[in-house]
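The structure appears below as structure tokens.
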Amino acid sequence: MMKKSAIEEIQALRGVAFLGVALQHVLGVFIHRPDLAKGDAVAYAALFILAKLAVPAFVFITGMVVFYNYYDQLDYPRFLRRRIGEILLPYLAWTVFYSFYAGPPPESAVAWARDLARNLLTGEGSYHLWFVVMIFQFYLFYPLFRWGFRSIGEGAARSGFGFFALMGLLGMGYLALTWLSYSVIPNVGEPLALSKAWQFFSDYRDRTFLFWFFYFILGGAAGLAVSRWRQWTTKVLWWNGALFAVLFIWVTRQLVAGITAGPAGVVVDVNIATSLRPSVFLYSVSVIVLAYGLAVRLRLSENPLNRFLHLLGRHSYGLYLAHALTLDLSARVIRPYLHNMTPTLAMTLTFIGCVAGALALTVLIGRMPKGEWLVGASPRRKVSADPVRTAGTSTSA
């Protein structure tokens with residue numbers, strides 16, 4: 001299968017998505033401080049919502065790249081072997097690392113092996129590894145998505161009206177699914193709630209691919225008609241920007257309304273703004289379209305911001321795996337000086353340390369022999385001779 005030249009804006013979008021992940025987790029360090037002031041809590045809530053594009057954007061990118069590269073021809077065994085090497089092997093290595101980094105392992109080797117197996121299956125080796133468990137399911141079941149497109153959605157994806165009709169129908173179904181996830185599943189009563197199978201499903205639904213399918217299919221449809229998608233996202237940039245502002249205010253107000261003050265201080269329940277909530281779903285679609293349109297505008301630019309986002313995008317998987325470590329180290333360095341800093345300065349320095357540290361560590365490991373076993377394969381930068389052509393090569397989240 002002949003390789004296609006890279007879609008330049010994909011790397012910038014990956015970079016933005018990673019920054020969103022890092023920002024969410026940095027906010028997690030500061031948003032639960034006992035001395036948090038109400039004003040700071042509101043500001044952190046707004047930043048948290050801005051960063052919510054991260055996981056939906058990564059799923060969208062995965063769908064777009066995979067469909068573009070592997071829709072016409074698919075050697076599934078080879079496709080899966082490559083994903084195992086690029087995604088699961090680094091995931092295994094970092095799961096083992098985080099299991100030791102979190103504290104001393106159980107005294108029994110059997111207990112340690114049991115805990116490790118559970119962490120590998122559930123993504124609980126560290127708070128961010130659940131995403132790898134979820135995203136790999138899309139690679140595993142990609143032939144089913146491909147078959148569905150060939151049977152039902154191919155013509156729709158390649159025509160303007162059909163695209164919107166298909167996405168509208170799927171969007172309504174997904175909207176209902178997010179309503180079930182947010183309003184029904186957590187409130188199921190006995191005896192179903194006492195079932196171990198139901199508890200497992202309820203607890204781990206956020207890492208089940210079905211609860212993220214819309215973003216993957218949206219990316220797949222865009223991957224089958226990239227030129228049309230580019231044109232549309234830039235055409236609607238202004239009115240979608242206005243829609244984004246409205247949805248941002250709405251979702252932020254929902255999160256701010258859940259802020260409470262008590263003896264333990266100000267409490268921000270970030271679960272109110274889970275991606276598996278109808279309002280956040282609508283917001284996520286708008287922000288993906290907006291971010292993609294802006295990335296298209298930037299794709300041929302050589303300004304420092306674009307180069308930086310491309311650098312992050314090319315190393316996004318390694319950055320994702322490593323950033324929890326560099327965030328913890330950055331927070332430890334900053335902690336003794338918190339009393340001399342404003343919350344904003346402390347958070348900014350922690351964020352910079354997290355991102356810069358993860359980037360340095362990922363690049364360093366990537367240059368080592370077999371470094372891709374720890375941080376995944378980083379695609380080389382390739383510029384298409386024809387900027388209108390549509391393509392993509394890297395599939396890491």
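Report whether or not Leu80 is touching a residue at least 60 places away in the same chain (Cβ under 8 Å) and surrounded by fewer than 19 Cβ atoms within 10 Å (Cβ to Cβ).
Working: touching a residue at least 60 places away in the same chain (Cβ under 8 Å): yes; surrounded by fewer than 19 Cβ atoms within 10 Å (Cβ to Cβ): yes.
Taking the combined requirement at face value, the residue satisfies it.
Which condition number does Leu210 fail, the rest of (1) touching a Gly at 6+ places or on another chain (Cβ under 9 Å); (2) under 24 Å from Lys52 (Cα atoms) being met?
(1)
So which of Ala242, Ala257, Ala261, Ala222 ends up being farther than 22 Å from Ala43 by Cβ and surrounded by fewer than 21 Cβ atoms within 10 Å (Cβ to Cβ)? Show your work before the answer.
Working: Ala257 fails: farther than 22 Å from Ala43 by Cβ; Ala261 fails: farther than 22 Å from Ala43 by Cβ; Ala222 fails: surrounded by fewer than 21 Cβ atoms within 10 Å (Cβ to Cβ).
Checking each option against the conditions leaves just Ala242.
Based on this model, can you work out whether Gly15 counts as free of Cβ contacts under 8 Å to residues at least 12 places away in the same chain and either part of a helix (DSSP H, G or I) or not acidic (Asp, Glu) (or both)?
Answer is no for this residue.
State the number of residues belonging to region 21-42 that are over 20 Å from His339 (Cβ atoms) and either in contact with a Pro (Cβ under 6 Å, 6 or more places away or on another chain) or among the small types (Gly, Ala, Ser) (or both).
2
If you go through region 57-85 one residue at a time, how many are hydrophobic (A, V, I, L, M, F, W, C) and not in a helix (DSSP H, G or I)?
Here is the first cut: in region 57-85, the ones hydrophobic (A, V, I, L, M, F, W, C) are 57-61, 64-67, 74, 79-80, 84.
Next, only the ones that are not in a helix (DSSP H, G or I) stay: 74.
Of the residues in that region, 1 qualify.
Do the conditions hold for Ala295, that is, is it in contact with an Asp or Glu (Cβ under 7 Å, 6 or more places away or on another chain), buried (at least 20 other Cβ atoms within 10 Å of the Cβ) and farther than 18 Å from Val246 by Cα? I'd like the intermediate steps shown before the answer.
On the way: in contact with an Asp or Glu (Cβ under 7 Å, 6 or more places away or on another chain): yes; buried (at least 20 other Cβ atoms within 10 Å of the Cβ): yes; farther than 18 Å from Val246 by Cα: yes.
In short, yes.
Name the residue that is farthest from the chain's Cα centre (by Cα), counting only residues in region 263-297 that are assigned to a helix (DSSP H, G or I) and free of Cβ contacts under 8 Å to residues at least 24 places away in the same chain. Explain how you work it out, then say what you get.
Quick first cut of region 263-297, residues assigned to a helix (DSSP H, G or I) only: 270-273, 278-297.
Of the ones still in play, those that are also free of Cβ contacts under 8 Å to residues at least 24 places away in the same chain are 271-272.
Working: Asn271: 16, Ile272: 18 Å.
Checked region 263-297; the qualifying residue farthest from the chain's Cα centre (by Cα) is Ile272.
What do you reckon, is Leu88 touching a residue at least 40 places away in the same chain (Cβ under 8 Å), part of a helix (DSSP H, G or I), within 26 Å of Ala22 (Cβ to Cβ) and of a type in the set (A, V, I, L, M)? Give the derivation first.
Numbers: touching a residue at least 40 places away in the same chain (Cβ under 8 Å): yes; part of a helix (DSSP H, G or I): yes; within 26 Å of Ala22 (Cβ to Cβ): yes; of a type in the set (A, V, I, L, M): yes.
Yes.
Could you please find all residues in region 94-124 being in contact (Cβ under 8 Å) with a residue 40 or more places away in the chain and either exposed (fewer than 15 other Cβ atoms within 10 Å of the Cβ) or among the hydroxyl-bearing types (Ser, Thr, Tyr) (or both)?
The answer is Tyr98, Tyr101, Thr122.
Of the residues that make up region 225-242, is at least one assigned to a loop (DSSP other than H, G, I, E, B), touching a helix residue (DSSP H, G or I) at 6+ places or on another chain (Cβ under 8 Å) and either of a type in the set (Asp, Glu) or at pLDDT below 95 (or both)?
Keep residues of region 225-242 that are assigned to a loop (DSSP other than H, G, I, E, B), which gives 225, 236.
Filter again for touching a helix residue (DSSP H, G or I) at 6+ places or on another chain (Cβ under 8 Å), leaving 225, 236.
Checking which are either of a type in the set (Asp, Glu) or at pLDDT below 95 (or both) leaves us with 225.
Among the residues of region 225-242, at least one is assigned to a loop (DSSP other than H, G, I, E, B), touching a helix residue (DSSP H, G or I) at 6+ places or on another chain (Cβ under 8 Å) and either of a type in the set (Asp, Glu) or at pLDDT below 95 (or both), which makes the answer yes.
With respect to Ala54, is the statement that it is within 21 Å of the chain's Cα centre (by Cα), not in a loop (DSSP other than H, G, I, E, B) and not basic (Lys, Arg) true? Can you show your working first?
Working: within 21 Å of the chain's Cα centre (by Cα): yes; not in a loop (DSSP other than H, G, I, E, B): yes; not basic (Lys, Arg): yes.
Against the criterion (within 21 Å of the chain's Cα centre (by Cα), not in a loop (DSSP other than H, G, I, E, B) and not basic (Lys, Arg)), Ala54 qualifies.
The values are calculated or read from the model by the stated rules, or taken from the named source; none is laboratory data. Keep in mind the model is a prediction, meaning the values are calculated, not measured. Cβ coordinates were reconstructed from backbone atoms using ideal geometry, including for glycine residues, and neighbour counts include every protein chain displayed.
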